[in-house]
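Take a look at the structure below.
The values are calculated or read from the model by the stated rules, or taken from the named source; none is laboratory data. In this text the structure is predicted, and so the values were computed from the model without any measurement. Reconstructed Cβ throughout: ideal geometry from the backbone, glycine too, with neighbour counts over all protein chains shown.
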Amino acid sequence: MRRIPGWRLFSVVMASLSLAAVAILFMRWFVRSFLLAFEPYRELRARVSESIGTDALMLIAGATLFAVFFAGIVYFGRRLASVPFRFADKRQGLPPLRTLRWKLVFAFFCSVAVTIVLLWAIRATGSLLLKRNEALAGWIRPQVDRIGELPILAGIGSVIFLVLFFLLSDQIIRYLKEITRGLQLIGEGRLERRIAVRSADELGEVAHNINRMSRKLAETMEEERLAEKTKNDLITGVSHDLRTPLTSILGFLELIANGRYKDEEELRSYAGIAYDKSLSLKRLIDDLFDYTRLSNGMPLELAELELNGFCKQPMEEFVPALKAADMEGTVIASDRLLRIAADGNRLVRAYENLISNAIRYGRDGGKVVVRLREEGGEAVAEVVNFGEPIPERDLPFLFDRFYRVDPSRSKDTGGTGLGLAIARTIVERHSGTISVRSSEEETAFVTRFPLKGNAH
């Protein structure tokens with residue numbers, strides 16, 4: 001059985017005693033006003049009073065009513081507490097008895113009821129004591145007559161009411177202090193601090209929203225930290241990749257400027273190398289510019305695009321490069337047309353990078369294949385090469401900026417380390433996904449886009 005907290009048990013006991021006392025007073029009034037007029041009831045009451053006594057009868061009735069009210073309050077209280085409620089939902093209002101206002105109203109009326117019962121008990125006990133102790137009565141009655149019975153009862157009742165109300169509302173005040181302390185700690189920068197949601201009233205909602213706020217702030221600060229780290233990593237990577245070809249260009253230009261060449265043929269060789277390095281530097285700058293624009297949310301001009309014909313365009317543009325690498329290019333498409341919403345000018349860049357990558361690193365396989373199909377309500381395009389497989393440990397990092405499986409090999413083949421990162425950014429901007437798988441048979445870069453519509 002679930003344990004009831006001490007403060008709540010005290011509240012339930014006080015409420016049960018109050019209700020039981022009020023019920024007994026009502027029963028006495030009802031009996032004296034109505035039931036005593038009936039002869040059968042008077043006879044029954046006389047027999048019961050003779051057998052067990054009036055005081056014992058009242059005690060049994062009071063204990064029974066207390067047990068009934070106690071069990072009822074506990075049962076319905078737990079039923080109310082078990083009603084699901086989510087602070088994150090769009091609220092249509094808290095359940096009435098869960099609000100802070102009703103808890104304070106309950107504490108107020110419970111304190112009033114218990115105060116009335118205690119005052120009645122004090123008055124009855126005092127009258128009984130004064131009847132039995134003449135000396136005490138001789139000292140107290142003049143004081144009561146001088147001050148008045150009503151002011152005395154009002155003073156005692158005020159003290160009792162304040163004590164009871166403070167006790168019943170103490171849990172609310174302590175929870176409010178806990179929330180205040182949590183806010184102070186969060187304000188000091190301890191964003192990992194969480195305030196316990198102890199109730200489903202307004203204070204619980206405040207605690208829940210404070211926790212959401214601190215969590216969002218922590219996430220925002222973490223995102224800013226990662227963005228700063230990404231910026232620093234980007235600057236470091238760019239500096240490194242720009243310095244390498246630039247150093248080479250400056251070295252050959254220095255040889256030419258100082259006349260340190262044997263003949264015109266060697267001069268042309270130095271100039272050609274410097275020119276090639278300049279082109280490599282230009283490609284890197286262009287890739288970096290495109291990647292930065294795409295990462296910063298460059299707007300797309302979306303239109304309906306038929307993927308079957310679209311993928312043939314970059315393959316045809318790479319025919320000279322394929323021939324130079326002694327390779328063949330093929331597009332394998334199903335009869336079903338695959339239509340997606342895309343910006344053709346941007347998406348073609350992604351496939352140019354994927355095909356260029358396949359030519360650069362799949363030369364040993366002799367061919368590049370683009371496969372198109374529909375799968376699971378998506379348009380799937382695979383750019384496949386049959387060269388050396390990519391080590392499994394490198395697969396998760398292929399789409400990272402400046403990542404190279406073999407740095408020296410990539411430099412020799414002209415890779416900038418940004419092509420696949422640009423391809424991923426473009427595909428994801430089109431609500432698509434890109435992945436890679438590699439085995440001894442083939443390496444495939446797989447892109448998936450939601451279909452806009454299919455037709456035969």
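Go over the candidates 217, 128, 164, 183 one by one and state the one that is assigned to a helix (DSSP H, G or I) and without any contact (Cβ under 8 Å) to a residue 12 or more places away in the chain.
Result of the check over 217, 128, 164, 183: 128.
Taking the criterion of being surrounded by 15 or more Cβ atoms within 10 Å (Cβ to Cβ), in the same structural domain as residue 102 (by TED's automatic domain parsing), over 24 Å from residue 169 (Cβ atoms) and among the basic types (Lys, Arg), would at least one residue in the range 184-193 satisfy it?
Within the range 184-193, one or more residues are surrounded by 15 or more Cβ atoms within 10 Å (Cβ to Cβ), in the same structural domain as residue 102 (by TED's automatic domain parsing), over 24 Å from residue 169 (Cβ atoms) and among the basic types (Lys, Arg).
Specify which of the listed residues (101, 132, 123) is surrounded by fewer than 16 Cβ atoms within 10 Å (Cβ to Cβ), over 25 Å from residue 58 (Cα atoms) and out of contact with any Pro (no Cβ under 6 Å at 6 or more places or on another chain).
Checking each option against the conditions leaves just 101.
Scan 137, 107 and give me the residue that is touching a helix residue (DSSP H, G or I) at 6+ places or on another chain (Cβ under 8 Å), farther than 21 Å from residue 13 by Cα, small (Gly, Ala, Ser) and in a helix (DSSP H, G or I).
137
Give the residues of the range 444-454 that are surrounded by 15 or more Cβ atoms within 10 Å (Cβ to Cβ) and at pLDDT 90 or above, sorted by residue number.
444, 445, 446, 447, 448, 449
When you scan the range 405-416, do you find a residue that is at pLDDT below 90 and surrounded by 20 or more Cβ atoms within 10 Å (Cβ to Cβ), even just one?
Taking every residue of the range 405-416 in turn, at least one turns out to be at pLDDT below 90 and surrounded by 20 or more Cβ atoms within 10 Å (Cβ to Cβ).
Every residue, every condition in (1) surrounded by 13 or more Cβ atoms within 10 Å (Cβ to Cβ); (2) at pLDDT 75 or above; (3) over 26 Å from residue 114 (Cβ atoms), yes or no:
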| site | (1), (2), (3) |
| --- | --- |
| 20 | yes, yes, no |
| 30 | no, yes, no |
| 38 | no, no, yes |
| 54 | no, no, no |
| 65 | yes, yes, no |
| 73 | yes, no, no |
| 87 | yes, no, yes |
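Within the range 91-107, is even one residue among the β-branched types (Val, Ile, Thr), closer than 20 Å to residue 209 by Cα and modelled with pLDDT of 50 or more?
yes
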